[in-house]
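The values are calculated or read from the model by the stated rules, or taken from the named source; none is laboratory data. Remember, predicted model here, so these are calculated numbers, not experimental data. All Cβ positions, glycine included, derive from the backbone under ideal geometry; neighbour counts span all protein chains shown. With ligands, DNA and RNA removed, areas are computed over all heavy atoms of the protein, side chains included. Shrake-Rupley method; radii C 1.70, N 1.55, O 1.52, S 1.80 Å.
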Amino acid sequence: MRLLTHNMLSCNIKGVTNGFPLAIEATTVETKEVDMNPDFLRHIFPKLEWKAFRDASHSLGVDDLPEQVDPDMLLDEEFLRRFHHALLEVHLEEGVLICPETGRRFPVSKGIPNMLLNEDEV
Amino acid sequence: MASRPELQAPPEIFYNESEARKYTTSSRIIEIQAKLAERAFELLALPDDGLPRLILDIGCGSGLSGETLSEKGHVWIGLDISEAMLDVALERETEGDLLLSDIGQGLGFRPGTIDGAISISALQWLCNADKSCNDPRLRLKAFFNSLYRSLARGARAALQIYPQNTAQLEMITTAAMRCGFSGGLVVDYPHSTRAKKYFLCLVCGPASVNSALPRAKVGMEGDDSGSDLDSGDEEQQTVTVAERHRPVKKRKLESKIKGRAWVLKKKEQRRNHGFSNVPRDTKYTGRKRKAHF
Ligand SMILES: C[S@@+](CC[C@H](N)C(=O)[O-])C[C@H]1O[C@@H](n2cnc3c(N)ncnc32)[C@H](O)[C@@H]1O
């Protein structure tokens with residue numbers, strides 16, 4: 001799972017109101033290079049929760065994202081490169097996602113978060 | 001002949017390793033998935049601006065349908081309930097992220113984050129009460145509500161379904177409309193038992209000029225003998241339905257019905273054009289018919 005997906009995902013347990021962002025416990029992290037598409041980065045930027053994204057990147061060992069951002073930075077090649085890398089190239093392979101409200105743990109295995117809920121959570 | 005897969009076992013059981021394997025070995029399955037995904041993508045009608053978007057593949061399975069999205073240059077997230085199917089997607093090294101998730105429990109995406117959604121032959125699974133805790137109506141509602149929430153305003157979903165009968169078709173479309181979607185069904189090749197395909201085309205938000213339904217494909221060769229619904233996987237029976245489905249949006253149709261004056265004028269125009277087969281005008285002309293069958 002990439003941080004793009006992590007940033008869109010929240011805990012879906014019935015009754016949970018603050019299921020975002022899921023905390024990350026990373027066991028294995030992998031990097032897979034992909035071509036950068038600045039258009040997509042600009043398109044997705046306004047939809048991102050930046051703080052959650054930056055915190056999540058720390059959990060995966062990426063430390064070069066700025067704390068404060070504004071849309072002008074999307075013209076800066078260096079910023080785009082870092083943004084692209086953290087958003088789309090770093091993968092959480094093994095680990096756990098944790099609901100911020102209930103502490104419910106969702107295991108991640110082979111890169112796939114198991115978001116299946118138990119009967120009493122639906 | 002095998003019965004419909006939906007009647008054999010819950011999806012996470014039916015789509016086991018051997019079923020999942022077919023999605024890499026059967027050229028027929030691969031071709032069907034690719035074709036349906038291609039058509040669903042077309043029905044999504046994304047703006048033609050070359051901008052990559054974030055799309056969901058609902059019931060992404062082995063990632064064949066997702067590959068279509070990648071080919072078009074879009075970024076996608078796939079959800080599926082079957083680990084075996086997702087394992088095949090891993091093998092295939094699909095570009096999309098994968099989530100093990102039951103769409104009947106709702107989708108957990110933040111509001112307005114998703115630009116579109118496709119789904120190939122997955123939704124009819126929600127109509128089955130395969131566990132005592134599974135109420136199809138509640139599961140459809142949870143799914144459509146959460147899909148609506150996840151989609152950006154004006155975003156679309158193109159969901160291909162294999163309903164078992166008219167009742168299921170109505171149950172699915174009604175559930176979608178109740179959650180605030182506009183849109184409706186596009187039936188491709190409606191006269192062919194084998195080729196007939198149902199696409200539920202939804203727009204997030206109220207109907208507008210931009211949300212007109214895309215046109216169905218028609219005119220393909222095929223068996224024209226009935227209104228059977230063809231089913232999804234390889235060796236399946238067709239299931240007969242007694243009645244044809246009704247239009248989803250009845251009200252819309254009614255608003256198009258014209259009055260007596262309009263009918264008289266049209267008939268006059270046709271006579272003036274030299275048509276000899278225009279019925280004469282009587283007191284019945286342009287009168288509303290009683291609804292009897
Ligand atoms: C006909 S297959 C489609 C496969 C996929 N389009 C592909 O390219 O491989 C239907 C898929 O829907 C999935 N499915 C059925 N019910 C589901 C549910 N409740 N939640 C998530 N996925 C489901 C099945 O596991 C299966 O992989």
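One table, with the values for the structure above:
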item	result
Selection count, region B:1-58, where residues are among the polar types (S, T, N, Q), part of a helix (DSSP H, G or I) and open to solvent by 30 Å² or more (accessible area, probe 1.4 Å)	4
When residues of region A:1-38 are limited to those that are among the charged types (D, E, K, R) and within 12 Å of chain B (Cβ to nearest Cβ), the one farthest from residue A:114 (Cα to Cα)	A:35
Qualifying residue in region B:61-78 (condition: open to solvent by 20 Å² or more (accessible area, probe 1.4 Å), within 14 Å of chain A (Cβ to nearest Cβ) and touching a strand residue (DSSP E or B) at 6+ places or on another chain (Cβ under 6 Å))	yes
Wholly enclosed helices (runs of 4 or more DSSP H) of region A:6-122 bearing at least 2 residues free of Cβ contacts under 8 Å to residues at least 60 places away in the same chain and acidic (Asp, Glu)	A:77-84
Sole exception among (1) at the interface with another protein chain (Cβ under 9 Å from one of its Cβ atoms); (2) under 30 Å from residue A:42 (Cα atoms) for residue A:83, by number	(1)
Candidate set from region B:17-42 (those that are more than 10 Å from the ligand (Cβ to nearest atom) and closer than 13 Å to residue B:61 by Cα); member that is farthest from the other protein chains (Cβ to nearest Cβ)	B:21
Tabulated pairs, region B:190-216, first open to solvent by less than 30 Å² (accessible area, probe 1.4 Å) and part of a loop (DSSP other than H, G, I, E, B), second at pLDDT below 90 and among the charged types (D, E, K, R), C-beta under 7 angstrom, 6+ apart or interchain	B:192/B:223; B:192/B:224; B:193/B:223; B:193/B:228; B:193/B:230; B:196/B:230
Of residues in region B:68-91 being assigned to a loop (DSSP other than H, G, I, E, B) and near the ligand (Cβ under 9 Å from one of its atoms), the one farthest from the chain's Cα centre (by Cα)	B:82
